[in-house]
1. Would you list the strands (runs of 3 or more DSSP E) that sit entirely within segment 91-131 and hold 1 or more residues that are surrounded by fewer than 17 Cβ atoms within 10 Å (Cβ to Cβ) and not polar (S, T, N, Q)?
2. In this structure, does GLY271 turn out to be over 21 Å from the mean Cα position of the chain (by Cα) and open to solvent by 10 Å² or more (accessible area, probe 1.4 Å)?
3. Looking only at segment 119-140, count every residue that is under 58 Å from the mean Cα position of the chain (by Cα) and either closer than 26 Å to ALA79 by Cα or charged (D, E, K, R) (or both) and tell me the total.
4. Being aromatic (Phe, Trp, Tyr) and at pLDDT below 95 is true for just one of PHE151, PHE167. Which residue is that?
5. Please work out which residue is most open to solvent (accessible area, probe 1.4 Å), limiting yourself to segment 234-249 and to residues that are over 19 Å from HIS277 (Cβ atoms) and touching a Lys or Arg at 6+ places or on another chain (Cβ under 9 Å).
6. Regarding segment 23-37, can at least one residue be identified that is part of a strand (DSSP E or B) and more than 47 Å from the chain's Cα centre (by Cα)?
7. Looking at segment 603-618, which of its residues are open to solvent by less than 70 Å² (accessible area, probe 1.4 Å), within 25 Å of GLU531 (Cα to Cα) and small (Gly, Ala, Ser)?
8. Any idea which residue in segment 641-667 is farthest from MET214 (Cα to Cα), counting only those that are open to solvent by less than 60 Å² (accessible area, probe 1.4 Å) and within 35 Å of the chain's Cα centre (by Cα)?
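The values are calculated or read from the model by the stated rules, or taken from the named source; none is laboratory data. Since we're looking at a predicted model, the values are computed, not measured. Backbone-built Cβ (ideal geometry, glycine too); neighbour counts: all protein chains shown. We work out accessible area using only protein heavy atoms, side chains counted, and drop any ligands, DNA or RNA first. Shrake-Rupley method; radii C 1.70, N 1.55, O 1.52, S 1.80 Å.
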Amino acid sequence: MLYPVDNEIRQVKSLDGIWRFKKENRMEEGFEEKWYEKPLSNFIDMPVPASYNDITTDKELRDHVGWVWYETDAVIPRAWTKDQRIVIRFGSVTQHAVVYLNGEEITRHKGGFLPFEADITDKVHEGKNRLTVAVSNLLDWSCIPSGEYKFVKNWLYPEGHWEQEYFLVDEGLYATRPDLLMTGRTLMGHDSAKNQQLEDHYFGAIPSRVAAFMKELEIEALKLGIPVKTRHNEVAPNQFELAPVFEECNLAVDHNMLIMALMRKVARNHGFRVLLHEKPFKGVNGSGKHNNWSLGTDTGILLHAPGKLPEENLRFITFVVNTLMAVYRHNGLLKASISSATNAHRLGANEAPPAIVSMFVGTELEDILTAIEHDIPYGSKEKELIKVGVHVLPKFPKDTTDRNRTSPFAFTGNKFEFRMPGSAENLSDANTILNTAVAKSLKEFVAETADAADFECAAAAWVKKTLNAHRRVIFNGNGYSDAWEQEAERRGLPNRKCTPDAMIALKDDKNIALMEEFGVLTKTEMLSRYEVEMEHYSKILNIEARTMLKIANKQLIPAATAYMGEVASSAAAKTAAVEGISTKAETKVLTRLSKYTDEMSDAADTLTEVTDKVSAMDDEAAKAHAFHDEVIPAMDALRAAADEAESLVDEDYWPLPCYSRMLFYTE
C-alpha cells in the first residue's frame, strides 16, 4: 500500500497519541504470561510515535534491551464495517513487532525503518478494539543496523584502564626539528646539563600553560564519554600523565585511541605538540602506557580481589593462579604484543620493565602460594587475616605490598598492571592476547573441576598442581639486575631482547593453536601479522636512518664546517692583530670539532651504504634483523659524533634546538 491519504473513496484514522506501555522484566515474559489476551496492567503512558528509551528519566527503561508492550484502543466506525476493506499500517517498528487485535495475532514484522501492514477486515468489530503490539529492539543480522545480542548470566569480562604518558614540546621548537616531524623522536641531541636527576619535575607543580592544556583536554574527553580522572607530572622534564577510571576493557581501549587523537588536537590550541613516541629524548625516561587489567562479572564481582568469605578467597586464589599460568605459557606472545621499533628504545632501560616477562605478586602473596603449593603452614605476619575456611588452604592476610616497578606484570592488590606497552601502543593487541591466554587457562580449570564431587577440594588440588608447574614466572626481585637475566635463563623464561626476535612468537605453533582454538586469529592471519610486523619494523628504521642522513648532510656537517671557518677566521684575525698571541682555545676547538665532523661524515657514508644494502633485501624477516644488527649500530655511530660536535658549536650556528630548551620551555 502506498502512503494512505484521505480522499473521496478512502478514510484514514490516525492512532498516534498516548498508548499504554509495559516493559518486560525478564526475556519474553509477556509471551509466557500471554499479556496480549487481556488489557495490560501496571502500565505507564507512552507517546507514539517515539523511542521509549529516550522518553523517561528511568535508567532501567533508558538502558532496556529486549521486549516491551504497547496497547491502545482503536475505535472502528459503524460505516467501516459495511463492505469496506480495513487495513492497519505501521510506519515502522524497530526492530521486531508482533501485532495482536483483540487477543489474536494478526501479523509479525522484522527490521526497523520500513512500513508494514495487515488486512484486518475480518478481525475487527464496530466500536472499540484492543490493539496490542509487542516490540523488541534486539538486533540480528537481518536488521538495519545489523548486529547480534547474546544474553548470558554472570558474564565474565575483562576490565581495565590505562595510564597514558606523554611529552609536550613547544610548537615553535618542534617545527625546527626535522627528526621530530618525521619520526616522533630526536635522532640527535646532546644531553642537557640538567635533566631528571633532581626529580623536581615529578614532585613539582604542573606549569600553568600545561594545566590549561590539561583542563581543555579533560573537558573535550568528557564530551566524548572518556572518563579521565588523573593528571600529574611525570619523572622527565615536560613529561606528563593522564588516566581514566576503570571501565570495561574494550571500551577502555577505544577510549585510549580517541584520547591520543584528541591530545594532538587540543595541544595545538596551547602552542604545544604532543610526543607519544616511547623515547623522544635520549638520557631521560621514555613514555609507557601501563595496562591495568582484571576480570569481573556483570554482577559487579571483581575476581582478582581478595574477599571476606571462604568461597571468595578460594575464587581469588584460583583466578590469580589462572593468570599466572597464562603469563607463563604464553610469555613470548605477550612480549610480541608490545614489541615495536619505537618501544625497543624504552624496554630494558631503567625507566621501563626488562625484556623478560615475569610476574610480581608481592612477598605476602608469594608466601601464601608457596604454602598452598607445598601444603605447609603459612607463617603469618602481624596483619589482618582473611579466613579461607577450606581445610586444604591456609589463612592469609590481605596483600599490602606496593607494585615492583621493575616488574613487567605486577599484582597490585585487586588487578594486574602490565607495564610493558609503549605510550603510542594500541592496547588491543596486548589485551586480546592476555584475555585469550587466560581464557585457555580457565577452560582447562573448568574441564578438570566442574564435575568433581567436592568442587572446593578439586579446585584446591588444581591450584597446587598448577603452581608447581608454572610458578617459575613469579619474580619479586630487581628486574634490572644482571643476576635476574641469568636466573631467568635457568628457569627457562625467554629473553628476546630485540623486536625481530620477539615477533617470532607469532609463528610459534603453540600460540597459533591458542588463537585458533578460541576463534581469534587463524594460522594464516598469525603468519600474516608476523610479516606485517617485520615489514613495519624495517620501514620505521629506514625512515629514521634516512632522516638522520638528511639532517647530518644538509644541516649538521655544514653548520660545523661554517663554525670552524668562523673560529679559524677569529684565530687568524688575532694572530694578525697581535704577533705571537695565543690561539690555543681556537686550536683546541678546531682540532676537536674537525675530528667529530670527519667522524660524522664517515659515519654518514657508512650509514648510507648499509641502509641502501639492507633496504634492497627481499626477505622481510632477514631485512628486519639486518636493520637491527647493522643499521642501528651505524645510526648510533653517527649520533655519537653529532652529539659531540653539538657540544662545541655555537648555538647560533647549530640548526637544531638543544635539549635544555625543548625539555624546560613550557611557559
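1. Answer list for segment 91-131: 104-110, 116-119.
2. When the stated conditions are applied, GLY271 passes them.
3. Looking only at that region, the number is 9.
4. When all the criteria are applied, what remains is PHE151.
5. Checked segment 234-249; the qualifying residue most open to solvent (accessible area, probe 1.4 Å) is PHE246.
6. no
7. Selection gives SER615 alone.
8. LEU656
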